[in-house]
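Accompanying notes for the structure given below.
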Amino acid sequence: MSSITVSVPASDNSILDNGQGVIDPDVYFQINQPPANLSEFETKLSAFVDLHKEQGNKVVLITSGGTTVPLENQTVRFIDNFSNGTRGATSAEYFLEAGYAVVFMHRQNSIQPYHRHFTHSHLGFLDYFEAKEDGSVQACPQYADKMRKVLLKYSEAKKSNRLLMLDFVTLSDYLFKLQAGTKILSRLGERAMYYLAAAVSDFFIPSQKMVEHKIQSREGGLTLTLDQVPKFLKPLVSNWASKGLIVSFKLETDTALLVPKARQALTRYGHQVVIGNMLKTRKQTVTLITRESEKVLSLTPEQLESNIEIESKIITELVQIHEYWMSSGHTK
Ligand code: PAZ
């Protein structure tokens, strides 16, 4: 079967890269176009951060969901990943309960805090309602209590202006917004936390190497060459978000790699916490790793049965680590 190669190998990019085929993060921003709505993103985030700075609140930036990697400049096809944003959306609720203001930077159409209880349950959204004879619509009595509880929490978060929803779709969109967003949050110094739960692609096709139009199928199979995405955690930790508590996530499918790779990330980037999780067990168990410690957080079968969520344990730990960080500039 014949094949089409739609990008040249990363090593052909020798002027821009570090000799290993990986471009520098700064170069990435010079050679890629920022998203059209970046200034709107910055305006909304600045206002939110300034308000909470004035009120002396702690603010967490949560990234959530997967990024797409377009295959064509006029994109018809793209590569995606499994993440649906459960981790981020669930965590947002626990951070709000713990008194944080939350910037929820999520993949468009991924799972959202509070809404998730109804949009991603075993029932369809409309199954929660009934149409009455008098023309009104009401929550089915058997679900009304749960709906009311969730609705009250959601309304409270909105009323107190403690939940800002911002979205992204592509890898590029995400990276530009991450850079801009972390720089804006750094105005809060130690009171900021960065909770990087999004599943960000490690590979991409730079726009200057991408074909313009829809890849045609008449030539048979398709061979793709993807470049490695620059390691953005490095400038994020050293320049963009300095002083805040930085929590990154590490997902693996091979247990033997989880802790060593998490430790390697802490050493390489110099941030404070890595949360390691396995693809298959990520809703039941995670390992929270700092330079000084390693703690497994797990749910018992009984806790799982009674719908306790692992994020309740993660956030309880992080709130303590953040308190200590704010008072001493260290993690225990
Ligand atoms: O979004 P989700 O709830 O389906 O999955 C969460 C997760 C596994 C994407 C997150 O916990 C995580 O590990 N994020 C980082 C992935 C990585 O880049 O290694």
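The values are calculated or read from the model by the stated rules, or taken from the named source; none is laboratory data. Just so you know, these numbers come straight off a predicted model, no measurement behind them. For neighbour counting, all protein chains shown are included, and Cβ atoms are generated from backbone atoms with ideal geometry for every residue, glycine included. Just the protein is used for accessible areas: all its heavy atoms, side chains included, with ligands, DNA and RNA removed. Shrake-Rupley method; radii C 1.70, N 1.55, O 1.52, S 1.80 Å.
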How much accessible area does Tyr194 have with a 1.4 Å probe, in Å² rounded to the nearest 10?
0
The stretch 162-201 - convex hull of the alpha-carbon atoms, volume per residue in Å³:
81
Carbon-plus-sulfur fraction of the accessible area of the chain, 1.4 Å probe, in percent?
51
Positive minus negative residues near Ser328 (Lys, Arg vs Asp, Glu; Cβ under 15 Å):
+1
Counting heavy atoms of the protein chains only and a 1.4 Å probe, report the per residue accessible area for the stretch 16-137 as a whole number of Å².
48
How big, on average over all directions, is the shadow cast by the Cα convex hull of the stretch 66-224, in nm²?
14.1
Accessible-area value, Phe78, 1.4 Å probe, nucleic acids and ligands omitted, Å²:
110
Within a Cβ distance under 12 Å of Ser46, other residues only, what is the Lys/Arg minus Asp/Glu net charge?
+1
Among Leu222, Leu288, what's the order by accessible area (1.4 angstrom probe), most exposed first?
Leu222, Leu288
Can you give the log10 of the normalised intensity I(q)/I(0) at q = 0.12, 0.14 Å⁻¹, computed with Debye over equal Cα scatterers of the chain?
-0.92, -1.20
Of Asp145, Asp173, which has the most accessible area and how do the rest follow, probe 1.4 Å?
Asp145, Asp173
Which of Thr225, Thr253 is most accessible, then next, and so on - probe 1.4 Å
Thr253, Thr225
Just need the relative contact order of the chain here, percent rounded to a whole number, with Cα pairs under 8 Å and 6+ apart.
22
Quote the relative contact order of the stretch 29-98 in percent (integer), defining contacts as alpha-carbon pairs under 8 Å separated by 6+ residues.
22
Could you calculate, for the stretch 107-194, the ratio of the Cα radius of gyration to the Kirkwood radius, expressed as Rg to Rh?
1.12
Which of Asn109, Gln138, Thr90, positive extreme of dipole for the chain (C-beta unit charges):
Thr90
With a/c under 1.5 counting as rounded, go ahead and sort the stretch 152-222 into rounded, prolate or oblate using the C-alpha gyration tensor (a ≥ b ≥ c being the square roots of the eigenvalues; past the cut-off, prolate if a/b is larger than b/c, else oblate).
prolate
Looking at the chain, identify the longest residue range that excludes and avoids all GluC sites (Glu not before Pro) in DSSP loops having at most 11 other Cβ atoms within 10 Å.
1-132
Cα-Cα pairs in the stretch 244-295 separated by more than 16 Å, as a whole percent of all pairs, come to 32
Based on Cβ point charges of +1 for Lys and Arg and -1 for Asp and Glu, what charge dipole magnitude is obtained for the chain about its Cα centre, in debye rounded to the nearest 20?
620
Using only protein heavy atoms and a 1.4 Å probe, report how much of Ser238 is accessible, in Å² to the nearest 10.
70
Could you size up the charge dipole of the stretch 49-139 around its Cα centre, putting +1 on the beta carbon of Lys and Arg and -1 on that of Asp and Glu, and report it in debye to the nearest 20?
400
With unit charges on the beta carbons (Lys and Arg positive, Asp and Glu negative) and the dipole taken about the Cα centre of the chain, which residue among Gln74, Leu171, Gly56 sits farthest to the positive side?
Gly56
Per 10 angstrom bin, beginning at 0 and ending with the bin that holds the maximum distance, the Cα pairs of the stretch 187-332 fall in percents of 10, 33, 28, 17, 10, 3, 0
